[in-house]
Amino acid sequence: MLTHTLKPIAAVAGSLALAASLTACAGTSAAADEKVVTVYSADGLKGESGDGWYDRVFKDFEKQTGIKVKYVEGGSGEMVQRAVREKSNTQADVLVTLPPFIQQAGSKGLLQKYEPQGVDKVNGADKSADGTWTSVVNNYFGFIHNTKQLPKAPGTWEALLDGRFKNRLQYSTPGVAGDGTAVVIKAMHDFGGKEPAMEYLKKLQANNVGPSSSTSKLAPKVDKGEILVANGDVQMNHAQSASMPNLGIWFPAKSGSRPTTFALPYAAGLLHDAPHTANGRKLLDFMLSETAQRQVSAIGGGFPARSDIKPTDDNAIALAKVMEGVEIFEPDWKDIDTNLQSYIDAWKSATGS
């Protein structure tokens, strides 16, 4: 989104068990246990083998506070939709999603105002003006390719229309996954508007394998060579490359133009009427703490949200190299929040999805 390394089996089982318990108990058991905080999050920050940023942060948080973290993950849109369904009986405390879904959560009244300690070190574009959400891990949208079967990245959007990519290309579903929605946002920017972007995506559909609700599921397919190209994001794919050696990160450009990307941070907010508001605040404070932020690149393979943290670890150096020569633009998030459904509808119409 902004859901992303593979979900470990234990995490999936835990998510399913939690979902079942929350549904069955209608929140009563959670409310009775004050030493708990529930997080709904886009996938990507939890490690495949318990070695991700969330794994470290949650473990350290539990040790320091005695508060157990219950974790549910999915696509960014999926998590927001779940929170909307539960609005009259809120089950989670903290919501972490990628744009534009964190803005959507705000406009739907899902978030309450809370500015965590350290938020003054987060740049203005990476937090809401009304204090309802802040980035906790910065990130950028990107694509991946199989470096073994396709040593050189395709480079341009136009190159992806080539017949060699038929049924060897896939991107996650716009409107459901944060990174999938980012495909539409970037195409609209690169091609100069909705109509030319949809015209292109209509052509691209001839090569597209089909829908995927979660972007993280695409990287293993690229690594194994089942497909050659997929969408993703820099943090997730860089972290995945530690166990998936055939992943290469790249940024599509319109033919004749520079490659572009935009910030796609993991943004966190406190849910309105959260059952454990105080614990949610403590977790948000912890995620923005200097210690946790210094671990973002070294452990999570991402970019710190705090501007005063300047990492120099190997991951930070590698990430800086990935971003060299890439033009970063800032989407009009207000417009996207207002018109997101119309853009998704246009995509569905263009692609027949």
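Odds and ends about this structure:
Per-residue answers, yes or no, for (1) part of a loop (DSSP other than H, G, I, E, B); (2) in contact with a strand residue (DSSP E or B) (Cβ under 7 Å, 6 or more places away or on another chain); (3) among the hydrophobic types (A, V, I, L, M, F, W, C); (4) not assigned by TED's automatic domain parsing to the domain that holds Leu283:
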| site | (1), (2), (3), (4) |
| --- | --- |
| Gly131 | yes, no, no, no |
| Ser135 | no, yes, no, no |
| His145 | no, yes, no, yes |
| Leu150 | yes, no, yes, yes |
| Thr181 | no, no, no, yes |
| Ala187 | no, no, yes, yes |
| Met198 | no, no, yes, yes |
| Leu201 | no, no, yes, yes |
| Ala219 | no, yes, yes, yes |
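- Any hit, region 210-220, residues being under 22 Å from Gly52 (Cα atoms), at pLDDT 95 or above and out of contact with any Phe, Trp or Tyr (no Cβ under 8 Å at 6 or more places or on another chain): yes
- Val326 being in contact with a Pro (Cβ under 7 Å, 6 or more places away or on another chain) and either of a type in the set (Lys, Arg) or surrounded by fewer than 23 Cβ atoms within 10 Å (Cβ to Cβ) (or both): yes
- Subset of region 226-258 (residues that are modelled with pLDDT of 95 or more and either of a type in the set (D, E, K, R) or not assigned by TED's automatic domain parsing to the domain that holds Met188 (or both)): Glu226, Lys254, Arg258
- Test set (1) within 20 Å of Leu45 (Cβ to Cβ); (2) assigned by TED's automatic domain parsing to the domain that holds Leu111; (3) outside any helix (DSSP H, G or I) - Asp273 fails condition number: (1)
- Residue satisfying all of: in region 87-129; among the hydrophobic types (A, V, I, L, M, F, W, C) and in a loop (DSSP other than H, G, I, E, B); farthest from the chain's Cα centre (by Cα) among these: Ala129
- Cross-chain or 6+ apart pairs with Cβ under 6 Å, region 74-92 first and over 17 Å from Thr277 (Cβ atoms), then of a type in the set (Phe, Trp, Tyr): Ser76/Phe101; Gly77/Phe101; Met79/Tyr40; Val80/Phe101
- Residue selected from region 256-275 under the condition small (Gly, Ala, Ser) and in contact with a Phe, Trp or Tyr (Cβ under 8 Å, 6 or more places away or on another chain), by the criterion surrounded by the most Cβ atoms within 10 Å (Cβ to Cβ): Ala267
- Hits in region 321-338 - residues which are modelled with pLDDT under 95 and part of a helix (DSSP H, G or I): Trp333, Lys334, Asp335, Ile336, Asp337, Thr338
- Residues of region 276-296 satisfying the condition of being surrounded by 18 or more Cβ atoms within 10 Å (Cβ to Cβ) and among the hydrophobic types (A, V, I, L, M, F, W, C): Leu283, Leu284, Phe286, Met287, Leu288, Ala292, Val296
- Region 297-320, subset in contact with a Pro (Cβ under 7 Å, 6 or more places away or on another chain) and part of a helix (DSSP H, G or I), residue surrounded by the most Cβ atoms within 10 Å (Cβ to Cβ): Ser297
The values are calculated or read from the model by the stated rules, or taken from the named source; none is laboratory data. In this text, all values refer to a predicted model and were calculated from it rather than measured experimentally. Cβ sites come from the backbone with ideal geometry, for glycine too, and all protein chains shown count toward neighbours.
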